[in-house]
Amino acid sequence: MPPLPDFNGRVLGAAAFCGIIVAGVVDGIFPESLLWLLAAGVFWPHTILFLSRKLGADRQPRIRQYLLLVECISGGLVIGLTGLTPVPSLAMALMLMFSCLIVGGLYLWFYGTLLLVAAAGLVVGLLGVTEDFTTPLLTSLVSLAGTGLYICVTAFYTHQQARILLAAKTQIQKQREQSIALSDKLSKYLSPQVWQSIFTGERDVRLETRRKKLSVFFSDIKGFTDLSEEMEPEALTELLNNYFNEMSEVALRYGGTIDKFVGDSIMIFFGDPSSRGQKEDALACVSMAVDMRNHMKIMRQRWRSQGIRTPLEIRMGISSGFVTVGNFGAENRMDYTIIGKEVNLASRLEQLAEPGQILVSYETFSLIKERIMCRDKGEITVKGFGRPVAIYEVIDFRRDLGPNRSFLEHEHAGFAMYLDSGKIADNDRKAILQALEEAAERLRVEEESEQT
């Protein structure tokens, strides 16, 4: 049920006002000269309706409130003309104050009351008050009945409107939850940084690109082709998805934007849509690559325990420089990606890298050399570059070189260990020490039994 229209409410209020005037004239407490107010009561709702349409009250809620304040002034004049006869005056004032509360709350009620009292006071000051403050039965009954009917009908429609609004709110909340669930599913197809920039309004979804200096990363799995011939497709798919999932977590931890997965290859870039500066972006990219290389040792142990004997290694290439980044494709199907010779260079470095090796371009090396040790690997010729490109191999963080390094690693047949003491929580140290002691004791016992 829709809310009570303003026109219908005014008709009901005007009818109550006119009924009170007629009852007062019949009872002899109002002069017959006030019967002209009946004609005013007939035309008043139509006059306000015309003004509200002319002023656009449906588009501007303030206009609706101003018109109600005008009615408070008119009602105050009518109350003044009745000489402030108690029951009719209170009844008419109550209808107007109730309307103010419904339409504009306490703010409108306060100003409506002031205007009504001022208008009534002005007329009373000119014409005086009634001589007899008692109200006859008929006028009292009509006043109370008219006011009660107006308030009850208005309250009923207001209650129905509240129910409609509550139902709409519930529906909106349900649609919001559905939208959140759907957006969460769709977000799996975009990098979190790109998804967030779109939904926060930072970036428009349209075909546009720009030039920007980024660090580009490529990696693939050496030996994956041989492994694909040994494993069933379902097991291979599970292994590959597990690999992508863990490497993606590493990439996101360092702030990388995951561009795409192609076969067993991963393409990631740093510096867009958010950037910490060219130097920090390059450092984050290389740090991610080192972490991936170390994490691959842990994954190899896990795969070996699952019966996968083929040693899988990743090779990685990184290049830094200006690329074109943005939305490519068609209006109805876009892909947020990057193109440019630096992308080709990173891919080329990845193809040249040995298993477990990270190759970087000179531009990347110049940005990270203060904190990461690299080895000069000479120059290569790459399509799109006029001169040979100097390349470097990433060794490790300078802080992790020498006797103070935080990690140890050993791999032998039947044994694999990768220890990074800097990442071990205090509550895990005892369990790790116990496991190492048990393994060492087991080896000692077997060695002693072999010697005897």
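The values are calculated or read from the model by the stated rules, or taken from the named source; none is laboratory data. The structure displayed is predicted, hence computed values, not measured ones. Because the Cβ atoms are built from the backbone with ideal geometry, glycine has one as well, and the counts that use them run over all protein chains shown. The area values use the complete protein model at the heavy-atom level, side chains included, leaving out ligands, DNA and RNA. Shrake-Rupley method; radii C 1.70, N 1.55, O 1.52, S 1.80 Å.
List of remarks:
- Relative frequency of Cα-Cα separations exceeding 23 Å in segment 65-209, percent: 58 percent
- The charge dipole of segment 1-135, taken about the Cα centre with unit charges on the Cβ atoms of Lys, Arg (+1) and Asp, Glu (-1), comes to about 700 debye, rounded to the nearest 20.
- Anchor K188: lysines whose Cα lies under 20 Å away (excluding residues fewer than 8 positions away in-chain): K260
- Semi-axes of the equivalent ellipsoid for segment 112-195, Cα gyration tensor, largest first, Å: 59, 20, 5
- Kyte-Doolittle at least 1.6, axis length at least 27 Å by Cα - qualifying DSSP helices, the chain: 86-127
- Selection from F385, A168, P61 lying farthest towards where the dipole of the chain points positive, charges on Cβ: P61
- Probe 1.4 Å - accessible area at T337, Å² to nearest ten: 10 Å²
- I266 accessible area, assembled protein chains, probe 1.4 Å, Å²: 10 Å²
- Summary value for the chain: 11 percent relative contact order, contacts being C-alpha pairs under 8 angstrom separated by 6+ residues.
- For K212, the lysines whose Cα falls under 18 Å of its own Cα, not counting residues fewer than eight places away in the same chain, are K279, K341.
- Convex hull volume of the C-alpha atoms in segment 61-113, normalised per residue: 57 Å³.
- Ratio Rg/Rh, restricted to segment 242-341 and using Cα atoms, in which Rh is the Kirkwood radius: 1.03
- Size of charge dipole - the chain - debye, nearest 20, with Cβ of Lys, Arg +1 and Asp, Glu -1, no other charges: 1600 debye
- Ordered by 1.4 Å accessible area with all protein chains kept, K185, K369 run largest first as K185, K369.
- Mean sequence separation of contacting Cα pairs (under 8 Å, at least six apart), scaled by the length of segment 309-386, corresponds to a relative contact order of 35 percent.
- In Å², nearest 10: area of Y111 left accessible to a 1.4 Å probe: 100 Å²
- Between Y111, F269, G256, the Cα set farthest toward the positive side of the dipole of the chain (charges on each charged residue's Cβ, about the Cα centre) is that of Y111.
- Alpha-carbon radius of gyration plus Dmax, which is the widest Cα pair, for segment 343-401 in Å: 11.6, 37
- Dipole size of segment 261-377 about its Cα centre, with +1 on Lys/Arg Cβ and -1 on Asp/Glu Cβ: approximately 620 debye, rounded to the nearest 20.
- Taken along its three principal axes, the alpha carbon spread of segment 96-154 comes to 36, 28, 10 Å, from the longest extent down to the shortest.
- Over the Cα atoms of segment 1-147, the radius of gyration divided by the Kirkwood radius equals 0.97; this is the Rg/Rh ratio.
- Note on segment 126-171: Cα-only Rg and Dmax are 19.0, 59 Å.
- Largest-first principal axis extents, alpha carbons of segment 296-354, Å: 48, 29, 14
- Whole-Å semi-axes of segment 28-89's equivalent ellipsoid (Cα gyration tensor): 28, 14, 6
- Shape parameters for the chain, alpha-carbon atoms, Rg then Dmax in Å: 41.1, 133
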